[in-house]
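**Q** Could you have a look at this structure, given as structure tokens, before my questions?
The values are calculated or read from the model by the stated rules, or taken from the named source; none is laboratory data. These numbers were taken from a predicted model, which means no experiment stands behind them. FYI the Cβ positions are ideal-geometry reconstructions off the backbone, even for glycines, and counts take in every protein chain you see. Surface accessibility is based on the protein's heavy atoms, side chains included, excluding ligands, DNA and RNA. Shrake-Rupley method; radii C 1.70, N 1.55, O 1.52, S 1.80 Å.
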Amino acid sequence: MDNLKSWYLCVTATRLISPFPGAEKIRGDFAVAAQLAEMGITAHAPRKIEFKRQGKRRYADAIQTAYLPGYVFAQIPVHRFLDAIHVKGMGRNLMAIAPQEVREHVLPFIDAARAEEAEALRIQARNDHAEMCGFVAGQALEIISGPFMERAVSFRRMIRNAEGWAEIEAEAALFGQSVRVRIDPLDVKRAS
């Protein structure tokens, strides 16, 4: 039976659709993968989770997107092919992928994307704001407002102040000395 299965790169909708009656609407590529999985077909729509601060928020939000928007990798058995191409959100264009390409490129890509997603979910589950902030220890930041405006600092870590708000602890050169400063995350950006 294994020799009857073939791998395909499937074109999908990217608009929000409901994969099942009464289900919440999700991205088309994720909905197609969910429907194929429900049919017992191996399907992968690799997800990318990035932590980004939006607007005036002090903390980064987990933003989930598709690595390949509008595409799903699927291993579709010959006897399920006609059922598979009729799932909601699936385009009629499928590209067959050679077994060698699957081994060399597709499966390693899927594994790497899964590992990256698992790490992001771990960070999110721990509510680790330091890792979510997107800055790395030693990274140069520019202060864009406040008393130290237009001064460059070196990021050390994220901390919480006495009120429980996130602050950036950084090192700055003041009066010829290196001193630690605390800065509101809204007052900095990556140095260019």
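**Q** So, in region 142-176, how many residues would count as being of a type in the set (A, V, I, L, M, F, W, C), more than 10 Å from D187 (Cβ to Cβ) and surrounded by 13 or more Cβ atoms within 10 Å (Cβ to Cβ)?
**A** Residues in region 142-176 being of a type in the set (A, V, I, L, M, F, W, C), more than 10 Å from D187 (Cβ to Cβ) and surrounded by 13 or more Cβ atoms within 10 Å (Cβ to Cβ): 8 in total.
**Q** Look through I123, I76, I97 and report the one residue that is out of contact with any Lys or Arg (no Cβ under 6 Å at 6 or more places or on another chain) and modelled with pLDDT under 90.
**A** Answer to the selection: I123.
**Q** Filter region 54-97 for residues that are farther than 21 Å from T14 by Cβ and either among the polar types (S, T, N, Q) or free of Cβ contacts under 8 Å to residues at least 60 places away in the same chain (or both) and give the result.
**A** Across region 54-97, the qualifying residues are G55, R57, Q75, R80, F81, L82, D83.
**Q** Which one of the conditions (1) open to solvent by less than 60 Å² (accessible area, probe 1.4 Å); (2) of a type in the set (F, W, Y); (3) over 30 Å from Q54 (Cα atoms) does F135 fail to meet, given that it meets all the rest?
**A** With (1) open to solvent by less than 60 Å² (accessible area, probe 1.4 Å); (2) of a type in the set (F, W, Y); (3) over 30 Å from Q54 (Cα atoms) applied to F135, the lone miss is (3).
**Q** Next question. Yes or no: region 176-192 includes at least one residue that is assigned to a loop (DSSP other than H, G, I, E, B) and modelled with pLDDT under 80.
**A** yes
**Q** Within region 112-132, identify whether any single residue is in contact (Cβ under 8 Å) with a residue 24 or more places away in the chain, surrounded by 14 or more Cβ atoms within 10 Å (Cβ to Cβ), in contact with a Pro (Cβ under 7 Å, 6 or more places away or on another chain) and outside any strand (DSSP E or B), and answer yes or no.
**A** Yes; the residues of region 112-132 include at least one that is in contact (Cβ under 8 Å) with a residue 24 or more places away in the chain, surrounded by 14 or more Cβ atoms within 10 Å (Cβ to Cβ), in contact with a Pro (Cβ under 7 Å, 6 or more places away or on another chain) and outside any strand (DSSP E or B).
**Q** Moving on to the next point. Could we say that Q75 is of a type in the set (S, T, N, Q), in a helix (DSSP H, G or I) and over 22 Å from K189 (Cα atoms) here?
**A** Against the criterion (of a type in the set (S, T, N, Q), in a helix (DSSP H, G or I) and over 22 Å from K189 (Cα atoms)), Q75 does not qualify.
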